[in-house]
Amino acid sequence: MRAYALTGIGIANLFEGDNDAAFAMLSEAAIHIAHYPVTIAALAVAAARRGDWGTARDALARLEEAGGTAADTLAIFQDPGLRAMILAELNGVQQRAAASAERR
């Protein structure tokens with residue numbers, strides 16, 4: 001149960017722009033619920049915001065392995081505007097992570 005609470009707190013930190021706190025919370029949550037799509041997607045966003053493309057790529061790979069889709073991940077958010085904002089950011093992370101991998 002604690003890991004789900006950490007996920008919620010981490011997401012709230014993301015919305016507030018506290019990327020370091022979000023990353024810490026989501027990293028801890030991901031240890032315990034490694035294949036929960038909401039946690040993994042939010043971790044990818046938090047890592048990307050910090051410029052940690054290795055972690056962002058790893059999280060995106062875990063999301064894919066878990067069978068998580070953007071629709072699954074975002075279904076938890078009731079507000080359509082919030083869902084659209086998160087989807088846009090997640091899509092941007094995927095594109096930037098792919099570009100970062102190509103440069104390596």
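Values in this text are rule-based calculations from the coordinates and carry no lab data. Values in this document were obtained by computation on a predicted structure and should not be read as measured data. Using ideal geometry, Cβ is built from the backbone for each residue, glycine included, and neighbour counts are taken over all protein chains shown.
Going by what's in this entry, would residue 76 be described as touching a residue at least 12 places away in the same chain (Cβ under 8 Å), surrounded by 12 or more Cβ atoms within 10 Å (Cβ to Cβ), over 16 Å from residue 2 (Cα atoms) and of a type in the set (A, V, I, L, M, F, W, C)?
yes
Do we find that residue 83 is among the basic types (Lys, Arg), surrounded by 13 or more Cβ atoms within 10 Å (Cβ to Cβ), in a helix (DSSP H, G or I) and touching a residue at least 12 places away in the same chain (Cβ under 8 Å) in this structure?
The answer is no for residue 83.
What are the residues in region 19-51 that are in a loop (DSSP other than H, G, I, E, B) and either in contact (Cβ under 8 Å) with a residue 40 or more places away in the chain or buried (at least 16 other Cβ atoms within 10 Å of the Cβ) (or both), if any?
Result: 33, 36.
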